[in-house]
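**Student:** I'd like to ask you about the structure that follows.
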Amino acid sequence: MSKTDKQLSPKQQKFVDAYIELGNATEAAKRAGYKCRSYSAYGAVGSENLKKLKDFIDVRLGEIKSKRTADLTEVMEFLTSVLRGEVTETVFNPVTGLKEDIHANVKSRVDAARELLKRYPRQLDKEEQIARIKKLASEADKLDTSNDTDDVIIVDDWSEVGEDAEGET
């Protein structure tokens with residue numbers, strides 16, 4: 001129960017929980033125990049509760065997310081522990097008939113390594129970086145020199161070109 005729940009009535013707490021589960025204010029009002037004569041009345045109660053309890057719903061959603069969702073650090077630590085073979089898994093051994101704790105197999109460890117490497121940019125050695133820069137610079141120079149031979153004239157108005165251009169067409 002969160003700190004904000006202390007400010008809510010039991011019905012309101014049930015509504016918040018039901019709304020988060022169902023995503024439907026009308027059904028959440030019914031499940032929370034509100035007494036209405038028609039389905040549209042449940043809709044009105046649900047709509048009113050959504051307006052009043054939006055902040056409580058947002059707080060509860062934040063609590064659920066923070067408790068149940070792994071953050072980047074947790075994922076990276078888990079992948080690293082799999083890579084290092086620190087994670088064990090309980091499996092049933094059909095030969096002995098007993099449960100055994102086994103470490104991650106090589107395939108799982110390689111997969112964890114690949115996943116970790118995806119999250120880090122490849123570190124190029126200094127010589128490779130210099131070679132790439134030189135190659136890009138020479139390609140840029142070639143493009144600059146090849147464009148110097150062609151003259152491009154942009155004409156906005158044919159009257160500015162003069163009579164010579166009119167005679168050539």
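So that you can scan it fast, the table gives a plain yes or no per residue for (1) at pLDDT 85 or above; (2) under 30 Å from Glu21 (Cβ atoms); (3) under 39 Å from the mean Cα position of the chain (by Cα):
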position: Thr73; (1), (2), (3): no, yes, yes
position: Lys107; (1), (2), (3): yes, no, yes
position: Lys118; (1), (2), (3): no, no, yes
position: Gln123; (1), (2), (3): no, no, yes
position: Lys135; (1), (2), (3): yes, no, yes
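**Student:** Let me ask something else. Using beta carbons and a limit of 8 Å, which pairs, at least six apart or on different chains, have the first residue in the stretch 38-59 and without any contact (Cβ under 8 Å) to a residue 24 or more places away in the chain and the second one of a type in the set (Lys, Arg) and buried (at least 16 other Cβ atoms within 10 Å of the Cβ)?
**Tutor:** Tyr42/Lys30
**Student:** Only one of these is in contact with a helix residue (DSSP H, G or I) (Cβ under 9 Å, 6 or more places away or on another chain), at negative phi and surrounded by fewer than 17 Cβ atoms within 10 Å (Cβ to Cβ): Glu74, Glu21. Name it.
**Tutor:** Details: Glu74 fails: in contact with a helix residue (DSSP H, G or I) (Cβ under 9 Å, 6 or more places away or on another chain).
None of the others qualify; the one that does is Glu21.
**Student:** Criterion first (in a strand (DSSP E or B) and out of contact with any Asp or Glu (no Cβ under 6 Å at 6 or more places or on another chain)) does Phe92 satisfy it?
**Tutor:** Yes, satisfied.
**Student:** Sticking with this one: Given (1) under 25 Å from the mean Cα position of the chain (by Cα); (2) surrounded by fewer than 18 Cβ atoms within 10 Å (Cβ to Cβ), identify the lone condition not met by Leu83.
**Tutor:** So the condition that Leu83 fails would be (2).
Listed here are the residues, each with its yes/no results for (1) more than 30 Å from Ala113 (Cα to Cα); (2) not polar (S, T, N, Q).
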position: Ser9; (1), (2): yes, no
position: Asp17; (1), (2): yes, yes
position: Glu27; (1), (2): yes, yes
position: Ser38; (1), (2): yes, no
position: Tyr42; (1), (2): yes, yes
position: Val45; (1), (2): yes, yes
position: Glu74; (1), (2): no, yes
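**Student:** Let me ask something additional. Which one of the conditions (1) within 20 Å of Gln7 (Cα to Cα); (2) in contact with a strand residue (DSSP E or B) (Cβ under 7 Å, 6 or more places away or on another chain) does Leu53 fail to meet, given that it meets all the rest?
**Tutor:** Unmet condition: (2).
**Student:** With the condition kept exactly as written, say whether any residue in the stretch 59-72 is in contact with a Leu (Cβ under 7 Å, 6 or more places away or on another chain) and assigned to a helix (DSSP H, G or I).
**Tutor:** Let us first name the residues in the stretch 59-72 that are in contact with a Leu (Cβ under 7 Å, 6 or more places away or on another chain), namely none.
Checked the stretch 59-72: no residue is in contact with a Leu (Cβ under 7 Å, 6 or more places away or on another chain) and assigned to a helix (DSSP H, G or I).
**Student:** Kindly indicate the residue of the stretch 23-57 that is more than 10 Å from Gln12 (Cα to Cα) and polar (S, T, N, Q) and also farthest from the chain's Cα centre (by Cα) among those meeting that condition.
**Tutor:** Within the stretch 23-57, the match that is farthest from the chain's Cα centre (by Cα) is Ser38.
**Student:** Which condition number in (1) over 18 Å from Gly62 (Cβ atoms); (2) loosely packed, with under 13 Cβ neighbours inside 10 Å; (3) of a type in the set (D, E, K, R) is the one that Glu27 fails?
**Tutor:** Single failed check for Glu27: (2).
The values are calculated or read from the model by the stated rules, or taken from the named source; none is laboratory data. Quick caveat, the model's predicted, so the values are computed rather than measured. When we count neighbours, we look across all protein chains shown, and the Cβ atoms used for this are built from the backbone with ideal geometry, even at glycine.
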